[in-house]
Amino acid sequence: MKWTDTLDIAIELFETHPDVDPKFIRFTDLHSWVTALPDFNDDPEHSNEKILEAIQMAWIDEAE
């Protein structure tokens, strides 16, 4: 997965962290969790606030 695979990342995060409410996650934690996903294969430095926000929004949609 790459940073642009926001939906796939969100689904993985939803399955990996089912007890987390994505509305209240810090972007520093989100960044760490994404880069720790087994299928994630992108440069950790290529993320930004816009990408992290898109992942968070997709995760919120997935959780609802």
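Output the residues belonging to the range 38-50 that are part of a loop (DSSP other than H, G, I, E, B), among the charged types (D, E, K, R) and open to solvent by 80 Å² or more (accessible area, probe 1.4 Å).
39
Restricting to the range 15-25, and then to whatever is free of Cβ contacts under 8 Å to residues at least 12 places away in the same chain and assigned to a helix (DSSP H, G or I), can you tell me which residue is surrounded by the fewest Cβ atoms within 10 Å (Cβ to Cβ)?
My answer is 24.
Which residue, of 28, 4, 35, is of a type outside the set (D, E, K, R), open to solvent by 70 Å² or more (accessible area, probe 1.4 Å) and assigned to a helix (DSSP H, G or I)?
28
The values are calculated or read from the model by the stated rules, or taken from the named source; none is laboratory data. Fair warning: this is a prediction, and the values are worked out from it, not measured in the lab. A quick note on method: Cβ atoms are made from the backbone with ideal geometry, for glycine too, and the neighbour counts reach across all protein chains shown. In case anyone asks, the SASA skips ligands and DNA or RNA and just uses the protein heavy atoms, side chains included. Shrake-Rupley method; radii C 1.70, N 1.55, O 1.52, S 1.80 Å.
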